[in-house]
Amino acid sequence: MLDFIKKLVKSNKEVMIFAFIFLPSFIVCVETSFLFPILTSIILSYFLYKIQKVFLFLGMTVGTSFALVYSLFLALFLFLFFMFGPIVFKQLVIFFNDLPFIIQKIKIITYRLMKEYPIIFPKEQTNLLFSNVIFYVQSIGKTVISASLLSIVILTKWLVYLFFIPILMFFFLKDYLKIMNTFRIVMPEKSEFWKNIWFNTYIQINNYIRGKIIEVIIVSIANYILFKFYKLAYAGLLGFIVGLSVVIPYVGTIVVSIPIMFIGAIQLGLSNKFFYLLLFYLAIQFLDGNLLVPILFAEAVNLHPITIILSVVVLGFIFKIYGLFFAI
């Protein structure tokens, strides 16, 4: 079978290589949910192999370095799952239990703004905006309630995903060289054009994923400390969400900022603390975009903001969550 594929590729190189690129993309367009454990395990295995190469360079055998790296990953995976999983889940439950209180506080703040600043917040437009906000918040609650009816199925699916990811990673990491050699056998021997594309893509993806992981960790911790300092409810959940939002440039930050503003206004009121919270939050976003990102990415991603936004919108629509991640 492998010889047949190799002959087919060599007979019409460009067409077949294009097919290898197009077919996976088509599969992603049709169905994306089953790809989550596969893509996640591939990405994580890629980075673990980088760590394994360091141990190989230090003189360890392939088997020993593999066992050490995979054991460290498994220990970290279980620690994060049992340490932070319950915290995030608990804060999600508290948030949805507090939804009626949140809606009431939004109503009070809205009427206060209309009374104190009638020119800035005209009655009709503000009432319309308030109605839309209430509808949006209530729709979240209804979605969660309807989803809870299938909670056993959803929970089982994600537990299966979490179970399969370490297993897939075991084989991807263990047989990394065999898998790569299989691709090399299938690909044509003389194809400088595709080799150059692969080399440049490899460098870009390597820099981008490594930079994004570091950025997510730093932004999550910084925002968690800020929210905890102001004793904001759901500090852990909000810090985690803000950290993940940097994966989707511009769009993610804007979307996540809205609930943070509402929760801050509800808990702190329109006080000096609330405005200081917003000021420091915006300062973190500014430092992230203008200091942290240039340091992490350097010249790896040199694109205009309009290009980034269009890439996020178009690829997100076509490839769902994977398009959002790989848009840049």
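Coordinate-derived values only; no laboratory data. Because the structure is predicted, anything quoted here is derived from the model rather than measured. As a convention, Cβ positions derive from the backbone with ideal geometry for all residues, glycine included, and neighbour counts pool all protein chains shown.
Things to note:
- Working ranking of peptides 257-270, 53-66 by packing, defined as the average number of other Cβ atoms within 10 Å per residue, highest first, is 257-270, 53-66.
- Over 19 Å between alpha carbons, listed pairs K50/K212; K90/K231; K212/K273; K115/K273: K212/K273; K115/K273
- Dimensionless Rg over Rh [the range 227-266; C-alpha; Kirkwood]: 0.98
- Residue order, fewest to most beta carbons within 10 Å, for M169, M180: M180, M169
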